[in-house]
1. Scan segment 59-70 and tell me whether some residue there is in contact with a Leu (Cβ under 9 Å, 6 or more places away or on another chain) and aromatic (Phe, Trp, Tyr).
2. Tell me the residue from 16, 25 that is in a loop (DSSP other than H, G, I, E, B), within 17 Å of residue 1 (Cα to Cα) and modelled with pLDDT of 90 or more, please.
3. Collect the residues in segment 1-29 that are hydrophobic (A, V, I, L, M, F, W, C), under 11 Å from the mean Cα position of the chain (by Cα) and over 16 Å from residue 72 (Cα atoms), keeping them in residue-number order.
4. Restricted to segment 58-81, and to residues that are of a type in the set (Lys, Arg) and more than 19 Å from residue 23 (Cα to Cα), which residue is modelled with the highest pLDDT?
5. From the list 7, 53, pick out the single residue that is assigned to a loop (DSSP other than H, G, I, E, B), of a type outside the set (Val, Ile, Thr) and modelled with pLDDT of 90 or more.
6. In the set 77, 43, which member is outside any loop (DSSP other than H, G, I, E, B) and not small (Gly, Ala, Ser)?
Amino acid sequence: MYRRLTDADEKWELITEGMPESKGTIISILESNPYTKDEFYCLNNRGIYCSKDSGVSWEMLDIPWRKEYCLQHPWGLAIKE
């Protein structure tokens with residue numbers, strides 16, 4: 001996953017801390033938490049991840065993840081208060 005600090009930044013920074021290996025990972029869906037500044041969520045076939053520092057580091061959420069999800073492409077992610 002890549003991020004940049006501001007829209008004016010030309011350089012993108014590779015983020016790997018807390019994220020799964022890119023090989024075998026299907027495209028991730030990102031969503032910001034509209035209720036908490038700097039909090040983001042990421043969904044892919046490996047699980048759901050949360051960043052509380054604007055995407056610098058990520059932590060996999062401890063939720064049940066069925067084996068068949070590992071072969072599926074996610075299509076949406078919603079954040080609920």
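1. Looking through segment 59-70, none of the residues is in contact with a Leu (Cβ under 9 Å, 6 or more places away or on another chain) and aromatic (Phe, Trp, Tyr).
2. Sole residue among the options that is in a loop (DSSP other than H, G, I, E, B), within 17 Å of residue 1 (Cα to Cα) and modelled with pLDDT of 90 or more: 25.
3. 1, 15, 19
4. Keep residues of segment 58-81 that are of a type in the set (Lys, Arg), which gives 66-67, 80.
Now restrict to residues that are more than 19 Å from residue 23 (Cα to Cα): 66, 80.
On the way: 66: 92, 80: 82.
Looking at the filtered set, the residue picked out is 66.
5. Just one listed residue meets the conditions, 53.
6. Numbers: 77 fails: outside any loop (DSSP other than H, G, I, E, B).
From the options 77, 43, the qualifying one is 43.
The values are calculated or read from the model by the stated rules, or taken from the named source; none is laboratory data. Here the structure is a predicted model, which is why all the values come from computation and not from measurement. For neighbour counting, all protein chains shown are included, and Cβ atoms are generated from backbone atoms with ideal geometry for every residue, glycine included.
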